[in-house]
Every structure is written in C-alpha cells, then in structure tokens.
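Novice: Have a look at this one.
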Amino acid sequence: MARPPEIRIAQDSRAWAAAAAELVHSLGREAIRANGRFFIALSGGATPEALYRALTSPVFADRFDWSRTTFFFSDERAVPPDDARSNYALANRTLFTPLNISPAQVYRMAGESHDPQAAAKEYEQQLRRAATTSRSTSPIIDLVLLGLGEDGHTASLFPGSPALRDQQSLIAVTQSPKDPPTRLTMTFGAINRATVVLFLVAGSGKAGVVRGILDPKTDAERQLPASLVAPEKGRLIWLLDRAAAAELSNPSTGTSA
Ligand code: 6PG
C-alpha cells in the first residue's frame, strides 16, 4: 500500500529553490550513508533550472560531495544533446558543468537516435546494469525527480499514452502533444520502485492540476498520469511553491518547506 504524499509548501520561488536543494542534499546523504552511492533521476522541462541554479550557487555548491552520485534522466526529448529542447542540455549547462561532474557519472538518454525504440531498450539495459543491486531484481533509484504538466502528465507519460499501462518496460517511447513529439521516458515500473519520488512544481499555472492530482474530485483526475505515481515502498514528496498550492482546499495540509 503506497504511503500518502508528503506535501511541502514554500512561500516563494526563492524559498522553493532552496528547499529543493536542501532536500536533494539530505536525500543524497541518506542514500550514501545507506548504500555508499546516490542514484538520482533528473526531471525535464524548465522547472528544474531553478533547482540546478540553487545547487550550484555559493550557498550550496560546496555542501555536498557529488563524487558518489550517478545521474539518470526521468525522460528526454528525441532531439540531439545540444538542442535547446534537450533535458540533458539544460542539466549539462546549469548543473553538470558548474559542478565538474564527470561524464562517467551521467547516463544520458540518446535522444538523437533515429531509432527511439532501440534507444529506450539500450537505456533500460544501462539502468538495469547500473542500478540493480542484491537488494532487488529491478533497479532502485534513490531519488526520482518529476515535474508536472498542466494536462497532468509527468516525465513523458501523457494522458492516454499506452506507456501508462506498460507493466514490462522501465523505459518507453511516447508521443507528446507538445513539440518535440517523440520522447523517451521512465515508466511507472521504474518510477514507482524509487526510494523517494519528489515532484518539483512551481507557479500559478500549475495550481489547477496540482489540486486535481492531490485533491481529485473525479475519476478522470484520479487517472491522470501524475496521479498514478505511487512508490511501492518509497516516499512521495510534493514540493510546491505557494502559487502552485493556491487551489488546495487546505494548503495547511502541507508543511512549510
Ligand atoms: C519534459 C518533462 C515534463 C515536464 C513538465 C513540466 O521533458 O517536458 O519531463 O514532464 O516536467 O511538462 O514542465 P515545465 O517545468 O517546463 O513546466
């Protein structure tokens, strides 16, 4: 039985970014203490940039030893790694480069591949090889970061996508209603095995869909992709800013971040 989500609400975007960085550091320390290394999957879109800027800021940059961290991606667009739309490109420019992360620490989804299905299979094999330990027959990622789209999608799991029902694969190819159309994405098989799933959501534009996911009124809302994120044994944390939490009937349900 999945545990209820932990809802944390930051008062503004600055506090939100600092809370996100603090959370990544503390969850990273927990993973390294427990297993000697930290496996994190980065989310896509624009929201993570504020987290990356915080992690590489003078306040945070020297407070965590990244040498034991391996980076994965929750999803990627089918574009080259230097394309402005690439989730890897954003992380490389604003996180990996400023932190001097070695390329050996980063597992990039091959968005440039002309055969996305083959790229998905290859990434799944890499993920299984890198993140499967004696503790489990399937890979366990310590922290999966996720964003939230206004249509209730997360990673590149869009409403109506066959990947929502994929019980076999850990990485799938999906079609997005937004450009770029073709995506590679972790499925719930990879996401819901994580030790911690952290939704990073900010801005008033997300307030309606946040309410639909965290306080659903209809079966349609309960079936939205982000509503189906339910870590089997792990923690589910939502880090919202006050704007994104504005339509929650009882924002005090969240602890202040
Ligand atoms: C992507 C993301 C996607 C994103 C949401 C929110 O590749 O676009 O994985 O799920 O997290 O669409 O995007 P924003 O952060 O840009 O609002």
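Values quoted throughout were computed directly from the atomic coordinates according to the rules given, and no laboratory measurement underlies them. Remember, predicted model here, so these are calculated numbers, not experimental data. Cβ coordinates were reconstructed from backbone atoms using ideal geometry, including for glycine residues, and neighbour counts include every protein chain displayed.
Novice: Out of every Cα-Cα pair in the range 13-130, what percent are more than 23 Å apart?
Specialist: 29 percent
Novice: Another question about this same structure. Quick one: which residues, 5 or more positions from T70 or on another chain, have an amide H under 5 Å from its amide H? H modelled 1.01 Å from N in the peptide plane, none for Pro or chain starts.
Specialist: F38, F39, I40
Novice: With a point put 7 Å past each Cα toward its Cβ, work out how far S169 is from E232 in nm, to one decimal.
Specialist: 2.0 nm
Novice: Right, another one. What does the C-alpha gyration tensor say about the overall shape of the range 188-257? Classify as rounded when a/c is under 1.5, otherwise prolate if a/b is larger than b/c, or oblate.
Specialist: oblate
Novice: Okay, moving on. How long is the gain from D83 to S249 if the chain were fully straight, where each residue apart is worth 0.36 nm and the alpha carbon distance is subtracted?
Specialist: Residue separation times 0.36 nm, minus the Cα-Cα distance, leaves 55.8 nm.
Novice: Go ahead and collect, in residue order, the members of the range 191-212 whose backbone nitrogen is under 18 Å from a label point 7 Å along the Cα-Cβ direction of E150.
Specialist: What the label zone holds, given the 18 Å backbone N cut-off, is 201-212.
Novice: For the chain, which span is the longest to avoid every loop-located (per DSSP) member of trypsin sites (Lys or Arg not before Pro) having at most 14 other Cβ atoms inside 10 Å?
Specialist: 64-134
Novice: For the chain, just the Cα set please: Rg and Dmax, both in angstrom.
Specialist: Computed over the Cα atoms of the chain, radius of gyration and Dmax are 16.9, 48 Å.
Novice: For the residue pair K217 and S102, what label-to-label distance in nm results when each label sits 7 Å from Cα along the Cα-to-beta-carbon direction?
Specialist: Here the answer is 5.4 nm between the modelled labels.
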